[in-house]
Structures are given as C-alpha cells and as structure tokens.
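What follows is a single structure, written as structure tokens, with notes after it.
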C-alpha cells in the first residue's frame, strides 16, 4: 500500500484490523461495537479528554507521572498510590520495552518470572499480554483517566487493547515513536501503523466517544531545538486529525531557558491550531503537555527536587494543560513508588502556588516566539514541498533530505547532520544547520546567538559546546561552560564549582 | 539624649561605648585599634562586602542559610558542614533568643547545660557570652564571610564583639529588630541603639574597613505589602548611611506572586539608591537580599522543596544579590544540619540553572513597580513631614500615627490598623488602609484588585480573606480560597483539594 | 451579658500572627476579648482576668517551651480565687515532634480544660467555649 | 596507518546520545571510528571488526542489562580469530546502584580490558586506547 496522508476508509481499516488482531492471542474477539458500549458508560472524571478540557477551561495545569510494573495487582497498587499519596491528576501506564518491540513471548516470560520472584522484572506494564480483560481490571480499579505511554513503533494491537479497556488516551506517533526509539524501522512503516492507531480513535469519535492522542514531544530529550520538536508535533497532529482524531495534546520537553520554554509551548499551541485550520480540520480540541527536564539528572536528590520544581514552574507559567513529572530518583533509573509520589507532590505544590500566575508577555518572549514559528514554518513548508503537497510522503522525504533532523537519534533514517547548542542565555539554538532549509535571517540569528556565547567563553562555536551542554544539567548547570575560558567565565566558574 | 537622625560624634560614641562594654564581662577591653589591625588582614574571600560586590558585578545570586548552636566547636562543625555539604556561599551565625533579650545569665546556664547534655539547649549561638575570643575562633575556623543574624532590639554589645572577631556583616535595625521582635521596647530606644551599631560600622569605614549592614526585610514575614517593607528598609538604610555605613544590603521577603516579587525587590534597590542620593549619601554600595517564603510551611518535605525552589527561582529571576534559604524541616522548627544542607543544595541547583536568566520586563511588572514605588513614596514623604524633616523622629511619629504599620506585629508601638490580603493573582494588597496616607488613586487600585478577588470568590472584601491567606501556603496554596464560593472557584477548589 | 476572655501568648514567645487571628475570631463570635498580646507571664494573665472578670484564658505557645511556661497556672488561678476559670491552650506546646495524645494528656493533667494541636481552627475553640459556658448556639 | 575501532551500544538498548559523543571524540582524536550504533548484537560487533580490521571495540550499555549482553563476547572474539581485540565497556552496566569495584572486577573477569563507570570522560578512554595501542602521545 502506498503511503499517503489520507483517511483510511472503513473497509481498509477493517481489512488491516483482521491482521492486527491476530498478532497475539489477546487480540482475538475484540469487538468494536462492544467497546463503544463500554466506552460510552465511562464516568466523566475518568475520561482523559473531559479532564483535559476542564483543566484548560479553568487555566489549570494537571500533573501526570510515569509508572508501570509487570503484574496487574501491583500495577493497580502503584497507580492508586500515585493518586492518593502523590496527588496525581492523570494516570499513566508505562509499557515495558519488550511490548514496545512487539516481543510478546518475552513479555510472557517476564510476567512469569515477576510472579515467581515477587518483583517486577519488566520495566513497564505489558498491556498486550494482559489483554483487554487485564487492562480493564486496571482501569476499573483506579479513579482517574488512564493513558498508555510507551515508545512503540508498531502500537496497533496495543492501541486496540487499551482503548477497548477504557483507556482514553494514547501517546505516540509515526515519527516520535520511531526516530528516538528504533534503529532500522522505516518511517513509511511507522507512519502507516500510526495512521491505523489514529483511525481507530477516529472510528470511536464517529461513534461519539472522545479519545485523546498525544504525539511524544521531547523526541530524544537532548537539546532538541524547539522549532524542530514543534514541527514534528504539528506534523503528527495533522496526520492524526486526517484520520479523524479530535482531541490532541501536543508536547514539548523543557529546554531550561524559561522565556524560550514559555514561548515554545505557546507557539506550539498557536501554530498547531493555525495549521489544523489551514488544513481544514475543524473542531479539533488542542491541549499542551510540558515535560519536565528529559536529559540527565543530578544524582543528589535535593538537586533533583530543584530541577523538578523548575520544570513545574515553567509548565505553570507557560499555562501548559499538563506536565509530565520526574522523580528525585531520576539519575538512578526506575524510581520507587514513594520517590515517584514525592516528585508529584513537589510538582503539585508549585502548580498550586502558581495557579493564578502566567508569565507576562515581554519583548523577549515575543521575539522568541516569532523566531520559533518562523523556523517551524520553514521546516513544514519544505516538508510539504518535498511531498508534493502530501504531508506523510513529505515527512519520509524530509527525513531523507535532512530537512527534519533530530539530534542524537538512534534511527538510521535520521540524517544526524544538524547539531544544537545553548546560547549564552541557555536557550537552545542551531549550531550546525545540516540540511535544514532556514532563511538567511534565521541562520544569522542562530549564529549570532552562539557567537555571543563563544566570545564570552573565549572559544570557537564548535560541537564541543554541544557535548558540554549534554552533560551540564547532571553536573549542576544549564550551560556547559568550557575548561579554558575568559576572565568573566572563569570568575563565574570559580563560584559554580566552588564546592565540587 | 534627644533622638535625631544625625551622625554621632566620635566623643558621643565613645562615651556610650564605655557603658556598652560594661554590659557583660566579655565587653571588657575590646580595643578599637586592635580590631582595626585584625580586620585589615582578613582575606578578601572572607569579607562580606567583597563577596557581595563580586556577586553583584557578575550577576550572581549567593545562597546563605540560617544556623546557630550553643557551643563553639559544634557551631564550627555546623557552619563547615553547610559550606562543604550544602555549598553555602555566605555563612550566618543565628544568635539565640536569650542573647536577643540581653539575658546573658540565662545564656550562661544554656551553655553549661548544653555542655552537660551534649546537645544544644539554645536556639542559636550566644555570641556575647562567647566573647571576642569565642567569635574569633569560629571566624578563623570557617572559610567564608560570616554574618550575625538575630532579632536583638539592643545589639550594641553583640555588634562590638562580632565585628571585633572579624564578622563583616550584621543584620538588623531600629525598626526591623524592634516591631516584629519586641512587645514594649520603644522605637526611640531601638533607633538610638542601632544608631550606635551603625556608628560602629561607620568608624571602621573611616579606618578603611568595609563592613556590611543588612536591615531585616521581611519584618513579621506575614503578608507584609511590599511598599511597607520597602519603606522600612529604605528608612533603615538612610539611618545607617547617616552614621557612616557604606555597604548596605536591603531585604525583601517573598510574597509568592513572581511578578510582584521581582518588581518589589528591583523597586527597592532603585528607590533606595534614589533616596540615598537625594539625602546626599555618596558611595554607598547597595545590594539586595531575597528571603525565601517566611510564612508557614507545609509539613510534607516534598512540598517544602517546591516552596524552597519557587523562592530560589524568584530570587534568581529578580537578580537579588543573595537569597536566604529555608529547609525541608521548616514546619517543624530548627532543622538538622543535613536538612539545612538539603535546602541549600536545592536552592543552589536552581540558582545555577537560572544563572544567565532574568525575568524579562513586562507591562505588568512595570505597573507593579510603579505602584510599589508610589506607595513607598507616600509613606516616606509623610514620615519626613511628621518628623519635621528628621527621619528618626518621623519614624517614631509615623508608627504612632499608623503611617508605618506592620501587619501581625507584637509591638504595642505598632498601630496594627492596616490589614493586607492577596488579590486574585496572589499579589499582596492593602485591604484596610488604617492610617496609611495613600492617594486616592492608590487606594482605588488596591480596592479594585481585592474586589476582583471577592467577586471571583463570591464573598465580601473582608478580614476573613487575610486569615485564609495566612494559612494558605502551609495548606498547599498561595491564596486562601473560601469555603463557600462561586462555581468557578468551586471547580478549582475541587481540583486543589482533591487528595485532601 | 458579654462573656470576657483573656487572650495572650505565654512566656518569651513573640509569635503574634495567631494571636491577632484568635482576637479577630473570638471578637467576631461575640466574646469580649482582652488581648494581653505576646511575651505575657502567668501573672499578667491572672491580673487581666481579675481586673476584667474573665471566664476563660485562651493561651497560645508557639516556640516549644509551653510546658514549662504553663506549669502551675491552675494552682495560681486557684490561689487568686479564680476557681472556675476555663483554661484553654494551643500551639506547638513542646519541643520537636512528639505524640499528640501524650502532649494532650500532660496538659489536661496540669488542669487545662481544652488542649489544641498546631493548626487548629479557631472556630473549634469558639464552639468548645460556647459549650463550656453553656451559651446558646448562634443562629 | 589509521587505527580502526568499532563503536556501538549493545543489546536492546536505544540510548544514542553517548554513542554520538564517543563517535565525535574518538574521530577527532584521529581514530577511524566504525559506528554500528544502538541496538547492536555481539555478532554485529564481531563482523564489523572482521570487515574493517579494527583493533578495539568500544561498547556502551546504559539500560542495566550490560552484564547479560556482554557475557561470552571475549570467547566469541577468540573463536573468530580476533585474538588481541581490545574490549572496552562503559555505562550503567548493571541494574540499580551497586558497588563499582565489584562491577569492574566482574567485567575484567569476563575478559574486558577497560571498564568505565557512567559519566566517564571520553578523553580518558582515548588516553587509555593510545596507551594500549602504544601510540605516541599527541602534541
């Protein structure tokens, strides 16, 4: 089948569906009409779209953790702990790595061994293996809306199962769950497979059931310039809308410069709405998600609380609809449920204190927002041009051409020629443009910003800056200042590292 | 002696000094010339004024904890722990409550019992009882500048001792260490006594030794409107400058609304400099200190980390020269040294991440700043008028008239007629003006702001708002929303208290 | 007849916020509040009660030394002939975190009628005082 | 003659950031870096080494399963005739926090020449490789 950004006909969808449901025994007998009946009786306080709409209308930022373990009972206990002890507003089910690779046999072993050892040997909840019955058991045992969060290139069966079980949100997309999560899976394949996931949601919308879809905003979570992640988020939102999705949450991962963070997520929402309108998608209800710092964390928990709080503050000042919460154990991998609840409580405290406050508009923010939108438009325009007007085709060709290019991504289908670095205020800029088709103005702006930093640090604009920036936060700073430097930088460094 | 805002002559000073040094045996033989020799050889990295200047010139916000125990060795251990494990940039010695009341006999008992029991029975370091010898021992055992932080109406002997021992900063003032700390001590007495403390610093300045003085900004730390605390800080800065003080840090306690906090501390610095110039005080080096939330804290430590971080962020975005750090044990009283270090580490992490970032100027901030300055000027103008041009006399008469009026202060010399409350954005406004001589415009502005909130909450503008606000942060919110309320408020409250 | 209460913060404690709020709440509830403020001794509480014919003392202590500061107050009241004086106390009554029931029993044993933990709602104290004084419930 | 090294992330691990940075650092230091990327099996490391005549394998593992993924690699190298292959490994090699010396000894016993904890400076690896290959120090 040829890739095309066109809504799947019901016939096509049902034809593919027959194959999808055969991928694992738990797919058997999933009945769309029965699902519709089940989904129609879900109470409003357990509907993801309803809670997002309520939050947006009341100017509230919701807090959502990440969490998932192998067994159903333990997973339920974990989720309810995060609700009761953490104060989570929305619940996740983080799906394990085997499920993400569709290795359901290995999940089965993981489940058996987890039962035997009395602890989770999987790094998430194996939703496909537990099937509709198991996923429903989880859904019915919690008191908040539930979402699958994963990183699955082919999430078709998983999506069938979770929605049938009452989970009214699904994270992912044909780009965002491929390029950062896979090495050799083609974009044609993942875009096609996520068209299916979106068409499934579109089907439910046609039956009057609202289900939320969330493109994964942060991508590699490592110095992704806002315009690049915004371009990907907008493309995935448009691809989803084409399949009939009506409730979309576009996401963004914290960069660390507050003005850039606020400008970026506001620009994302505005520009995404503009594109949805321009493409003729009506009545799409758009919300935003802000991810607390996705890069390396400091090992010290007190410092981690500082990083978490800064993320909560930026999310709140930006007016994001929800924030994805980190934990004080971030540097060590999977957190205990107690540490997870701590992260939520810190976040909620900040959100509550700032509930009435948004970052007031400034010249800096207006300029930053304009620049992000201009960069984003350059990228999307070129993608459409490469696709001869077809967004899906253009996306594939855009990655081939390096017009879409995600830093530090594992996929062989990503050019990897673009390189980012922080400017002297900590905002993320383009250091090497690779093949990204920016106007001369935009290129000059980025270059000048980095040259300011280079001059301050007494070194050249160079990939060494990028490397220094990658490790800076885990070492306790936003900007990776060099070893050899000017007097000004030295004086500050003397301070920063005085206790190291 | 009649109260007057006039520099003490050296003769007057020396005459008073003879009495002061007799207040307790450790005062005997303190020799100004020997002190000058000692202070001259202090290395730059242990000089408070030098470190403040360096920070201000490099745009850095320094972190300083509060800490003090009864015995010298334990106090040294505590301070070095906060330096090495916390990363403190400046060290304090918080003075115990008996010393603050000049009850040196009771300090002596406290020291003896602390030795016997092997734990501190005093809530701070009894600097007078330990004398110059003991205070010097502390100073020489630490590697950072040292400041006395207390709440002592008559701190003359304490000031003599600490400066003789190399401590190059002293917190306090005739208003700020009286009205919030005493019940029946007259302002004539405390202003006179603090003129002495300032004159002592002025003497050292004349000898070429810079010592920092810091009026205590937050006052009662409970809903003090920024213009009221700024007025007091500016008056105390002017009184200090008259006595020859050349290095002053004016302070401000976090209100919780970021725009108001940033506007307030920037307004404080600008307006204080303007008054210093207008009064003809030249070459006063002015810096600022931002106090993290001084009101009630949540008991949960994760939530406390959120409050601490928000304070660090506001201090950093405001560009304060230093920030006074709270700890996750705040709700329980005196923290362990570990908890104290945690608070510093969280704070420093945030300060480092935001080092290059300041809050960009917005219309809201400009308006807030103008309003704070206008209110502050109304107060100070009236104080000067009441004093027939003499600021010290005017201050006494200002408090008598309720022109200066601090909410929730214990002193009988405070009118207590003014009442504050938060507006609908969380900024602190004047609810009841008492006798504060504001123009009609200012009054209307404050009233309108509170009426916005009243309408939102569906209740009258009333002291009940004030009460609700006093306890709000410890309950997890900035604004004390009422029990009975409009649909909008109810909807938000449903969210805020959902896990309570 | 108006019911008078003496309100104050006992000992070397200068925490004034709660004091102001109790003053407001009890006054608004119709009591005649004689507020002797912070830094008040047992003797000051007693003479205020004698002078005003107060029926209750509402005592706060926030700095942890409440136990020492309150010891013997009931006996002093009795000596002064204030035999039916209602003694209410509340706040951070002891140093550090301790079991609340234990603290409460200790103060009840010292002759206090009502003991309140930190963060108590003033309305609770008002309801209790109405009960103890056998006043009619407000509309 | 240029010295070739095979660089990759072993197992089901898709952490690409460190991989890109090692690629940059070793290339800049003058090595010919054959980067087989993330999600690479032992077999892929070996065939890449065979095809390119590499003298060392620089192996990363960030997701905690490094121990399982690296087991038997030395033996497989020997079988393939890659007898003097230098095996370097680094990252979060085991699940959770464990004593580093213990981890290091375990990997040395498995036949690795150098073992690096998380957060190591690439320059250290480059210095070690120069020593192990007996290359002259750079200017």
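The values are calculated or read from the model by the stated rules, or taken from the named source; none is laboratory data. Only a predicted model underlies this, so the values are computations on that prediction, with no experimental measurement involved. All Cβ positions, even for glycine, are placed from backbone atoms using ideal geometry, and neighbour counts span all protein chains on display.
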In the set A:235, A:258, A:265, A:248, the lone residue that is assigned by TED's automatic domain parsing to the domain that holds residue A:210, free of Cβ contacts under 8 Å to residues at least 40 places away in the same chain and crowded, with 24+ Cβ neighbours inside 10 Å is A:248
Assuming residue A:221 fulfils every condition listed in (1) surrounded by 24 or more Cβ atoms within 10 Å (Cβ to Cβ); (2) within 14 Å of chain D (Cβ to nearest Cβ) apart from one, which condition is it?
-> (1)
Taking residue A:265 as meeting all but one of (1) in contact with a strand residue (DSSP E or B) (Cβ under 9 Å, 6 or more places away or on another chain); (2) more than 28 Å from residue A:438 (Cα to Cα), write down the number of the exception.
-> (2)
Of the listed residues (A:432, A:469), the one being touching a strand residue (DSSP E or B) at 6+ places or on another chain (Cβ under 8 Å) and within 20 Å of residue B:357 (Cα to Cα) is A:469
Residue count for region D:1-19, restricted to those that are touching a strand residue (DSSP E or B) at 6+ places or on another chain (Cβ under 7 Å), surrounded by fewer than 19 Cβ atoms within 10 Å (Cβ to Cβ) and away from chain A (no Cβ under 14 Å) = 3
The correct count of residues that are out of contact with any helix residue (DSSP H, G or I) (no Cβ under 7 Å at 6 or more places or on another chain) and either within 29 Å of residue B:59 (Cα to Cα) or more than 14 Å from chain A (Cβ to nearest Cβ) (or both) in region B:280-305 is 6
Flagged in region B:179-189 as away from chain C (no Cβ under 14 Å) and buried (at least 20 other Cβ atoms within 10 Å of the Cβ), in numbering order, are B:187
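For (1) within 27 Å of residue B:280 (Cβ to Cβ); (2) buried (at least 18 other Cβ atoms within 10 Å of the Cβ); (3) without any contact (Cβ under 8 Å) to a residue 60 or more places away in the chain, each residue gets a yes or a no:
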position: B:397; (1), (2), (3): yes, yes, yes
position: B:400; (1), (2), (3): no, no, yes
position: B:411; (1), (2), (3): no, yes, no
position: B:414; (1), (2), (3): no, yes, no
position: B:417; (1), (2), (3): no, no, yes
position: B:421; (1), (2), (3): no, yes, no
position: B:430; (1), (2), (3): no, yes, no
position: B:443; (1), (2), (3): no, no, yes
position: B:451; (1), (2), (3): no, no, yes
State whether one or more residues within region B:406-415 are part of a helix (DSSP H, G or I) and closer than 30 Å to residue B:96 by Cα.
-> no
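So is residue A:46 closer than 21 Å to residue A:209 by Cα, surrounded by fewer than 23 Cβ atoms within 10 Å (Cβ to Cβ) and touching a residue at least 12 places away in the same chain (Cβ under 8 Å) or not?
For residue A:46, the condition - closer than 21 Å to residue A:209 by Cα, surrounded by fewer than 23 Cβ atoms within 10 Å (Cβ to Cβ) and touching a residue at least 12 places away in the same chain (Cβ under 8 Å) - is met.
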In region D:74-92, what residues are surrounded by 21 or more Cβ atoms within 10 Å (Cβ to Cβ) and under 12 Å from the mean Cα position of the chain (by Cα)?
-> D:85, D:87, D:88, D:89, D:90, D:91
Expected single match for in contact with a strand residue (DSSP E or B) (Cβ under 8 Å, 6 or more places away or on another chain) and either in contact (Cβ under 8 Å) with a residue 24 or more places away in the chain or away from every other protein chain (no Cβ under 13 Å) (or both) among B:313, B:308, B:324 is B:324
Per-region count, region A:327-348, residues surrounded by 24 or more Cβ atoms within 10 Å (Cβ to Cβ) and either out of contact with any helix residue (DSSP H, G or I) (no Cβ under 7 Å at 6 or more places or on another chain) or without any contact (Cβ under 8 Å) to a residue 12 or more places away in the chain (or both) = 1
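Can you tell which of B:437, B:420 is away from chain A (no Cβ under 14 Å) and under 20 Å from the mean Cα position of the chain (by Cα)?
Step by step, each of B:437, B:420 is checked, and only B:420 is away from chain A (no Cβ under 14 Å) and under 20 Å from the mean Cα position of the chain (by Cα).
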Being within 18 Å of residue A:137 (Cα to Cα) and surrounded by fewer than 21 Cβ atoms within 10 Å (Cβ to Cβ) narrows it down to one of A:30, A:95, A:16, so name that one.
-> A:30
Considering only region A:26-56, state which residues are touching a helix residue (DSSP H, G or I) at 6+ places or on another chain (Cβ under 7 Å) and part of a loop (DSSP other than H, G, I, E, B).
-> A:30
Kindly indicate the residue of region D:20-30 that is more than 14 Å from the chain's Cα centre (by Cα) and buried (at least 17 other Cβ atoms within 10 Å of the Cβ) and also nearest to the other protein chains (Cβ to nearest Cβ) among those meeting that condition.
-> D:24
Selection within region B:57-81 - in contact (Cβ under 8 Å) with a residue 40 or more places away in the chain and either within 21 Å of residue B:353 (Cβ to Cβ) or within 10 Å of chain A (Cβ to nearest Cβ) (or both) | B:59, B:60, B:61, B:62, B:63, B:64, B:65
Kindly provide the set of residues from region C:38-85 that are in contact (Cβ under 8 Å) with a residue 40 or more places away in the chain, within 14 Å of another protein chain (Cβ to nearest Cβ) and assigned to a strand (DSSP E or B), ordered by number.
-> C:60, C:61
In this structure, is residue B:138 closer than 20 Å to residue B:35 by Cα and in contact with a strand residue (DSSP E or B) (Cβ under 8 Å, 6 or more places away or on another chain)?
-> yes
Region A:101-157: number of residues that are assigned to a helix (DSSP H, G or I), closer than 25 Å to residue A:185 by Cβ and touching a residue at least 60 places away in the same chain (Cβ under 8 Å) | 7
Looking at residue A:250, is it within 17 Å of the chain's Cα centre (by Cα) and in a loop (DSSP other than H, G, I, E, B)?
-> no
Could you tell me whether residue C:103 is outside any helix (DSSP H, G or I), surrounded by 13 or more Cβ atoms within 10 Å (Cβ to Cβ) and away from chain B (no Cβ under 14 Å)?
-> no
Filter result for residue B:223 (on the phi > 0 side of the Ramachandran plot and either at pLDDT 95 or above or outside the structural domain of residue B:123 (by TED's automatic domain parsing) (or both)) | yes
Find the residue count for region B:253-279, including only residues that are touching a helix residue (DSSP H, G or I) at 6+ places or on another chain (Cβ under 8 Å) and part of a helix (DSSP H, G or I).
-> 16
Which residues, taken from region B:356-368, are crowded, with 17+ Cβ neighbours inside 10 Å and within 7 Å of chain A (Cβ to nearest Cβ)?
-> B:356, B:357, B:360, B:362, B:364, B:365
When region B:35-72 is examined, which residues are found to be within 22 Å of the chain's Cα centre (by Cα) and closer than 25 Å to residue B:126 by Cα?
-> B:46, B:47, B:48, B:49, B:63, B:64, B:65, B:66, B:67, B:68, B:69
